[in-house]
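Comments concern the structure below.
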Amino acid sequence: MEKNVLLDVKDLTVRFHTQEGVVYAVNGVTYKLHEGETLGVVGESGSGKSVHALSMMGLIPRPPGKIEKGEVFFEGRDLLKLTDDQMRLVRGKEIAMIFQDPMTSLNPVLTIGTQITEALRLHLGMNNSQSRKRAAELLDLVGIPDAHKRLDDYPHQFSGGMRQRVMIAMGLSCNPKLLIADEPTTALDVTIQAQIIELVKQLKDEFNMAMIWITHDLGVVAGLADTIQVMYAGRIVERGPTREVFTDTRNAYTWGLLNSLPRLDKSGGRQRLVQIEGSPPDMRIPPTGDPFAVRNPFATDRCREEIPPLLPVPEGHPEHFSANWYDLRSVVKQANAEAKGS
Amino acid sequence: MEKSKSAATAQSGSDVILSVRNLKKHFPITSGFIIQRQVGAVRAVDDVSFDVIRGETLGLVGESGCGKSTTGRAILQLHKPTAGNVLFEGKELTTMAPPDMRRMRRQMQIIFQDPFASLNPRMTVGSIISEPLQIHNIYPNKTERQDFVESLLQRVGLNPYFINRYPHEFSGGQRQRIGIARALALSPSFIVCDEPISALDVSIQAQVVNLLEDLQQELGLTYLFIAHDLSMVRHICDRVAVMYLGKIVELGRTDEVYDNPLHPYTQALLSAVPVPDPTVEEKRQRIIIRGDLPSPANPPLGCNFNTRCPVEFELCHHAPDPELIEVTPGHWAACHRVTQY
């Protein structure tokens, strides 16, 4: 029953050597992704969620970026050791990526048709008429009406949601085994976001792909991901099956995020939101201990001194991991009792 | 003449601070080089009427391009309205002479979305916040003014020690606090919050929202809260108005609108918002609306929403755009389906 491991990331560490100092962007990220699995990577800006994915794909500018250490095995091959030419054969074919901003990730001076068929000709060796036919099928698949005619249109003739559909069509063109979606709906309106999520869910089953969905919105991944991975300051702080992370939260950062979100389906009754104090750390001067300790009301002395490793949670789901020195269940219980007592 | 029957007016007896009546803002589309002529208009705001009650937070929600920000700016006369009336504290703003309008601005301020673009990078925090004080000649004495600015900084949760720093030295959340301090400097009674938290990280949003709520309670402020984050709007707003293509399609008490949305657009909009709870997400039925927002330069015939509406029928295509009608006390909707039965 155990599915095959598709992507095995080991101790990925990425730094940016800038004029203002070294930015510790990704610090020892380790995880496995199985075939057909959807992984939701959640974090705020600067948490390293996008940079870690871009690094795996060899898409960070080097310099200033540098992959200090780590291995990324994709079907047994270490992506970080591939040459640029070898990597080019993986990108778009085996692993495809869609980005946040469909305005800037399409070339404005080439038609949509040219851009979709490029990958088909390059990776699958199709000729012109074959690739055009396939491109039209793909546009049809992602719900663009009049697909054949629209192949000759330019990106500016499409709306934001339609452009993101084009990006998805391009991503799917070579039947990739893994699709990395980097905040693909953040720039879109909520009704269009719902359209895109629905489309991706349906296509994922059809194409039997694994997916990494990077977002800052816990709501989006709640209904989409099998596994959730929360990142903070370049580290994974909690990881587990979606339901476990939401219902049996073990990390104070995840817990704080979930509590600070107002709910659409519940009347607020004008209750104050529980806020996380302070702001994310400057990753040029990473704190010595747990980076979240300064903002964490439950932090212990050990948190401030020593970075906690990502370990299986006690008495929890075997696939559920969290990085903290405290047991969130008991400290929350204690805090609630104190609040009642006073 | 009484078109304001569809004005979503407050119940009589409530203390209205702002009345907007049949407000329109059309941006001209011109054609031609040197000699330009108008060939059309973007109907950004098209006949919008509502009241804001003193001390409340009225939410204005909708997707990008629906005219919510333009409405906020037209109220403050930052965009000259094409037609309609804006009454603030009983005074008509659209025809007010510029010197009077300037005095009026003391009472009505705005907080902008982008904390990076809305603060002058060449001015210190102190001079940004004290500029409105100088313009309106409040605290002519320099030390008094400085003391007041420091107290404002403290009030919004910033260290008064930062007074001589420049905006680039602050994070997004701190910059938004500076923007709030600037808006508070003249002790306004009404603030337009134009997407004040959209540009902020999730963990910072709650901080800013809590601050806005605290300030409202302490200072008795009235907010027009423009946003597209519907979960946050439910939390912060007493009443909410939903806009689509330049018009208000539904207005009512927040819980009423969220629990019992009448307009099919509101229903679709609410069902599209993801909820951070896998158990709820599993059970939810999404209403996926087709297509994209039509261009406000060329709105569809009949009801504005008929091109995407899941329940449109014949009437929606040829009858004029439905009017905003009070369906249950205080709950207004503009839909032929709702008002037919």
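Can you confirm whether A:Val72 is at pLDDT below 90 and of a type in the set (A, V, I, L, M)?
no
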Task: Top-ranked residue of region A:301-322 - restricted to ones that are touching a helix residue (DSSP H, G or I) at 6+ places or on another chain (Cβ under 9 Å) and open to solvent by less than 60 Å² (accessible area, probe 1.4 Å), ranked as farthest from A:Arg250 (Cα to Cα) - done: A:Cys303
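If the requirement is being within 12 Å of chain B (Cβ to nearest Cβ) and assigned to a strand (DSSP E or B), which of these qualifies: A:Val221, A:Val274, A:Val230, A:Val245? Working first, answer last.
Numbers: A:Val221 fails: assigned to a strand (DSSP E or B); A:Val274 fails: assigned to a strand (DSSP E or B); A:Val245 fails: assigned to a strand (DSSP E or B).
Checking each option against the conditions leaves just A:Val230.
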Open item on the list: Taking the condition of being part of a loop (DSSP other than H, G, I, E, B) and either crowded, with 19+ Cβ neighbours inside 10 Å or at pLDDT 90 or above (or both), how many residues in region A:248-267 meet it?
Closed with: 7
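Which is in contact with a strand residue (DSSP E or B) (Cβ under 6 Å, 6 or more places away or on another chain), in contact (Cβ under 8 Å) with a residue 24 or more places away in the chain and open to solvent by 10 Å² or more (accessible area, probe 1.4 Å), of A:Asp189, A:Asp182, A:Asp101, A:Asp152? Break it down stepwise before answering.
Working: A:Asp189 fails: in contact with a strand residue (DSSP E or B) (Cβ under 6 Å, 6 or more places away or on another chain); A:Asp101 fails: in contact with a strand residue (DSSP E or B) (Cβ under 6 Å, 6 or more places away or on another chain); A:Asp152 fails: in contact with a strand residue (DSSP E or B) (Cβ under 6 Å, 6 or more places away or on another chain).
Answer to the selection: A:Asp182.
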- [ ] Mind listing whichever residues of region A:203-215 are surrounded by fewer than 20 Cβ atoms within 10 Å (Cβ to Cβ) and not in a helix (DSSP H, G or I)?
- [x] A:Asn208
TODO: For region A:160-175, state whether one or more residues are among the hydrophobic types (A, V, I, L, M, F, W, C), closer than 30 Å to A:Ser129 by Cβ and either assigned to a loop (DSSP other than H, G, I, E, B) or within 11 Å of chain B (Cβ to nearest Cβ) (or both).
DONE: yes
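Specify which of the listed residues (B:His168, B:His235, B:His228) is within 14 Å of chain A (Cβ to nearest Cβ), over 29 Å from A:Gly219 (Cα atoms) and touching a residue at least 12 places away in the same chain (Cβ under 8 Å).
Details: B:His235 fails: over 29 Å from A:Gly219 (Cα atoms); B:His228 fails: over 29 Å from A:Gly219 (Cα atoms).
Result: B:His168 is the single residue among B:His168, B:His235, B:His228 that is within 14 Å of chain A (Cβ to nearest Cβ), over 29 Å from A:Gly219 (Cα atoms) and touching a residue at least 12 places away in the same chain (Cβ under 8 Å).
Please determine whether any residue of region B:258-265 is open to solvent by less than 50 Å² (accessible area, probe 1.4 Å), within 10 Å of another protein chain (Cβ to nearest Cβ) and within 22 Å of A:Thr215 (Cβ to Cβ). Steps first, answer last, please.
Initial filter on region B:258-265 (open to solvent by less than 50 Å² (accessible area, probe 1.4 Å)): B:258, B:261-265.
Applying the additional criterion that residues be within 10 Å of another protein chain (Cβ to nearest Cβ) yields B:258, B:265.
If we keep only those that are within 22 Å of A:Thr215 (Cβ to Cβ) too, we end up with none.
Within region B:258-265, none of the residues are open to solvent by less than 50 Å² (accessible area, probe 1.4 Å), within 10 Å of another protein chain (Cβ to nearest Cβ) and within 22 Å of A:Thr215 (Cβ to Cβ).
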Open item on the list: If I ask for residues that are hydroxyl-bearing (Ser, Thr, Tyr) and crowded, with 18+ Cβ neighbours inside 10 Å, which ones from region B:95-127 would you list?
Closed with: B:Ser118
Open item on the list: Residue under question is A:Val200, and the condition is that it be surrounded by 21 or more Cβ atoms within 10 Å (Cβ to Cβ) and either at pLDDT 90 or above or within 10 Å of chain B (Cβ to nearest Cβ) (or both); does it hold?
Closed with: no
Open item on the list: Pairs needed: first member in region B:189-210, more than 7 Å from chain A (Cβ to nearest Cβ) and in a strand (DSSP E or B); second member anywhere, open to solvent by 10 Å² or more (accessible area, probe 1.4 Å) and basic (Lys, Arg); C-beta distance under 9 Å; at least 6 residues apart or different chains.
Closed with: B:Phe190/B:Arg54; B:Val192/B:Arg73; B:Asp194/B:Lys68; B:Asp194/B:Arg73
- [ ] Provide a single number: the residues in region B:242-251 that are within 14 Å of another protein chain (Cβ to nearest Cβ) and in a strand (DSSP E or B).
- [x] 4
Open item on the list: Looking only at residues that are within 14 Å of another protein chain (Cβ to nearest Cβ) and assigned to a helix (DSSP H, G or I) in region A:287-300, which one is surrounded by the most Cβ atoms within 10 Å (Cβ to Cβ)?
Closed with: A:Arg295
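Looking only at region B:50-57, decide whether some residue is open to solvent by 30 Å² or more (accessible area, probe 1.4 Å) and at pLDDT below 90.
Of region B:50-57, the ones open to solvent by 30 Å² or more (accessible area, probe 1.4 Å) are B:53-55.
Adding the requirement that they be at pLDDT below 90 leaves none.
Looking through region B:50-57, none of the residues is open to solvent by 30 Å² or more (accessible area, probe 1.4 Å) and at pLDDT below 90.
Can you name the helices (runs of 4 or more DSSP H) wholly within region B:76-177 that have at least 3 residues being more than 25 Å from the chain's Cα centre (by Cα) and among the charged types (D, E, K, R)? Write out each step before concluding.
Working: elements: B:98-104, B:125-135, B:142-155.
Per the criteria, B:142-155.
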Open item on the list: If I ask for residues that are charged (D, E, K, R) and crowded, with 16+ Cβ neighbours inside 10 Å, which ones from region A:11-29 would you list?
Closed with: A:Arg15
TODO: Name, by its number, the condition in (1) part of a loop (DSSP other than H, G, I, E, B); (2) buried (at least 19 other Cβ atoms within 10 Å of the Cβ); (3) touching a Gly at 6+ places or on another chain (Cβ under 9 Å) that does not hold for A:Arg284.
DONE: (2)
TODO: Take region A:119-159 and flag every residue that is of a type outside the set (S, T, N, Q), within 27 Å of the chain's Cα centre (by Cα) and not in a helix (DSSP H, G or I).
DONE: A:Val142, A:Gly143, A:Ile144, A:Phe158
TODO: Report yes if B:Glu326 is more than 11 Å from chain A (Cβ to nearest Cβ), open to solvent by less than 20 Å² (accessible area, probe 1.4 Å) and in contact (Cβ under 8 Å) with a residue 24 or more places away in the chain, otherwise no.
DONE: no
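The values are calculated or read from the model by the stated rules, or taken from the named source; none is laboratory data. Here the structure is a predicted model, which means the values were calculated and not measured. Neighbour counts are summed over all protein chains in view; Cβ atoms, including those assigned to glycine, are modelled from backbone coordinates with ideal geometry. For accessibility, only protein heavy atoms count, side chains too; no ligands or nucleic acids. Shrake-Rupley method; radii C 1.70, N 1.55, O 1.52, S 1.80 Å.
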